[in-house]
Each structure stands twice: as structure tokens, then as C-alpha cells.
Amino acid sequence: MMKRFILVIIMMISALGVYSFTENTADARKTSYASYYHDKFNGKKTASGEVFDNSKLTAANRTLPFGTLVKVTNLNNGEEVIVRINDRGPYHSSRALDLSKAAFDEIGNIASGKIPIEYEVVEVEE
């Protein structure tokens with residue numbers, strides 16, 4: 001009987017630990033790479049239904065809700081920009097974000113095409 005009680009206590013502590021870990025990872029800073037949209041996408045509809053504009057500070061991400069504000073930091077130079085998620089993508093496994101050209105230009109050199117970034121959710125639109 002005592003072994004069962006101890007086993008139940010251990011299982012409860014383990015479950016609580018896993019729950020608290022998954023809750024905190026949503027707000028965690030993540031590192032990855034970002035690229036930018038080609039001009040040919042200007043004027044086309046995004047997955048959110050909004051018309052894409054390369055001069056606005058927007059981005060695509062595979063999972064974050066539309067309207068989410070994300071702070072993106074270029075790990076090469078420390079420059080930061082806040083973008084709003086309005087599309088799905090990128091569809092390349094090594095990148096977490098596709099930035100609009102304006103957003104990419106704020107933190108990096110367009111000629112590089114891809115930059116290492118750290119990103120974190122600033123605000124989730126509900």
C-alpha cells in the first residue's frame with residue numbers, strides 16, 4: 001500500500017512538472033533563421049486573407065496565430081524589429097519566419113537573403 005502511495009505521489013509531481021514546462025515554452029525565446037518575401041508576392045492574398053504588402057512590418061510563421069506580434073532580433077548585429085504574423089510559412093525546415101522586405105531591411109542586409117535570428121512573442125491577438 002505504501003509503494004502505491006509513493007508511486008501516485010511521484011506520478012502527480014511528474015505530471016505537474018511536465019505541465020509547467022509546456023506552459024512556459026510558449027513565451028520562450030527561440031533561435032532560427034529568417035528570410036524575406038520576394039516582390040512577386042506584393043498584392044497577393046496571404047493565408048489570413050489580408051493583401052500582402054512588402055513595405056509593412058509583417059511575417060509568416062507556420063503555427064503562431066494571425067495577428068501575433070513577434071520581436072525579431074538579428075543575432076549578427078543585435079538589431080530588432082516587431083512584426084505582425086499575417087501568413088503561413090516558411091516552407092523550409094531551417095527557417096522559422098519569412099519577413100516582409102521592410103522588416104528584413106530594418107534588421108539585416110537584403111543582399112544576404114537569410115539571417116540568424118532570435119524571436120519571441122510580444123503579444124497574441126485574441
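Charging the Cβ of each Asp and Glu at -1 and of each Lys and Arg at +1, and nothing else, the dipole of the chain about its Cα centre rounds to 620 debye.
Summing charges over all other residues whose Cβ lies under 14 Å from the Cβ of N109, with Lys and Arg as +1 and Asp and Glu as -1, gives -1.
Give the value in nm², to one decimal: projected area of the alpha carbon convex hull of the chain, averaged over all directions.
10.0
The length gained by stretching the chain between N42 and R4 to full extension, at 0.36 nm per residue less their Cα-Cα distance, is 7.4 nm.
Residues with beta-carbon under 9 Å from that of T58, excluding T58: net charge, scoring Lys, Arg +1 and Asp, Glu -1?
Spelling it out: positives minus negatives among the neighbours equals -1.
Of all DSSP bridge pairs formed entirely within the chain, close to 75 percent run antiparallel. Over the chain, accessible surface divided per residue gives 64 Å², non-protein components excluded, 1.4 Å probe. Restriction of the trypsin sites (Lys or Arg not before Pro) in segment 44-73 to DSSP coil positions whose beta-carbon has at most 11 other beta-carbons within 10 angstrom yields K44.
Applying 1/(1 + (r/R0)^6) with R0 = 30 Å to the Cβ-Cβ distance of F66 and A111 gives a FRET efficiency near 0.50.
Before rounding to the nearest 500, sum -39500 (n - 2.57) across all DSSP H runs of length at least 4 in the chain and divide by the residue total; then give [θ] at 222 nm in deg cm²/dmol. Rounded to the nearest 500, it is -8000 deg cm²/dmol. Sorting D105, D98 by solvent-accessible area of protein heavy atoms yields D105, D98, largest first, with a 1.4 Å probe. Residues whose amide H lies under 5 Å from that of G89, counting only those 5 or more places away or on a different chain, are N61, R62; hydrogens are built 1.01 Å from N in the peptide plane.
Computed from the Cβ-Cβ distance with R0 of 25 Å, the FRET efficiency linking K56 to S93 stands at 0.45. Name the residue farthest towards the positive end of the dipole of the chain from the options F66, I82, S94, assuming +1 on Cβ of Lys and Arg, -1 on Cβ of Asp and Glu, about the Cα centre. Looking along the dipole axis, the top candidate is S94.
By the rule of a C-alpha distance below 15 Å, with chain neighbours fewer than 8 residues away ignored, the aspartates and glutamates paired with K71 are D27, E79, E80, D98, D105, E106, E118, E120, E123, E125. Between S100, S48, S35, the residue with the greatest mean-square fluctuation in the GNM of the chain (Cα pairs under 10 Å linked by springs) is S48.
The portion of the accessible surface of the chain made up by carbon and sulfur, rounded to a whole percent, is 57 (1.4 Å probe; DNA, RNA and ligands excluded).
Roughly how tilted is helix 2-25, in degrees to the nearest 10 and between 0 and 90, from the longest Cα axis of the chain? Tilt of helix 2-25: around 10 degrees.
The values are calculated or read from the model by the stated rules, or taken from the named source; none is laboratory data. Being a predicted model, the structure only gives us computed values, none of them experimental. Positions of Cβ are generated from backbone atoms using ideal geometry, with glycine treated the same way; all protein chains shown enter the neighbour counts. Ligands, DNA and RNA are excluded from the accessible area calculation, which covers all protein heavy atoms including side chains. Shrake-Rupley method; radii C 1.70, N 1.55, O 1.52, S 1.80 Å.
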